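Presented below is the structure to which this report refers.
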Amino acid sequence: MKKLALVALMAAVTVPAVAPTAATAQQYRTYRGEDGRYYRCKKSSGTTGLIAGGAGGALVGNALGGGVLGTVAGGVGGALLGKHLDKKHDAAQNRKNGC
């Protein structure tokens with residue numbers, strides 16, 4: 001009997017946490033593409049731009065300034081610029097798509 005009560009309690013706790021709610025279903029905005037299909041609007045965190053910009057900036061900083069300081073400064077500057085450009089690109093796409 002204890003096992004049955006424990007299973008029922010676990011089901012009562014986990015099912016609402018796993019089942020989608022109306023709030024999570026409405027979380028994403030969508031738009032209709034030129035092909036008639038629906039797509040989600042993008043919300044970029046800028047991670048791809050951060051990594052690519054940091055690597056590229058570190059290479060350029062090493063080539064121009066040389067040494068550890070030039071590499072670190074180039075990496076930090078490139079990472080910040082890459083993140084900004086990545087977010088700006090997705091925002092421009094969302095405006096174009098009407099998001």
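A few notes on this one:
- Whole-Hz ³J(HN,Hα) from phi, Karplus 6.51 cos²θ - 1.76 cosθ + 1.60, for the stretch 91-99, glycine and proline x: 5, 5, 5, 5, 5, 5, 8, x, 8
- Semi-axis lengths, Å, the stretch 42-99, gyration tensor of Cα atoms, sqrt of 5 times eigenvalues: 29, 8, 6
- Straight Cα distances below 14 angstrom link Lys43 to the aspartates and glutamates Asp86, Asp90, with same-chain residues fewer than 8 positions distant left out.
- Label positions at Tyr39 and Gln27, each projected 7 Å from the Cα along the C-beta direction, are separated by 2.2 nm.
Bear in mind that the values in this text are calculations on the coordinates, not laboratory data. No experiment lies behind these values; they were computed from the predicted model shown. Please note: Cβ atoms are built from the backbone with ideal geometry, for glycine as well, and neighbour counts cover all protein chains shown.
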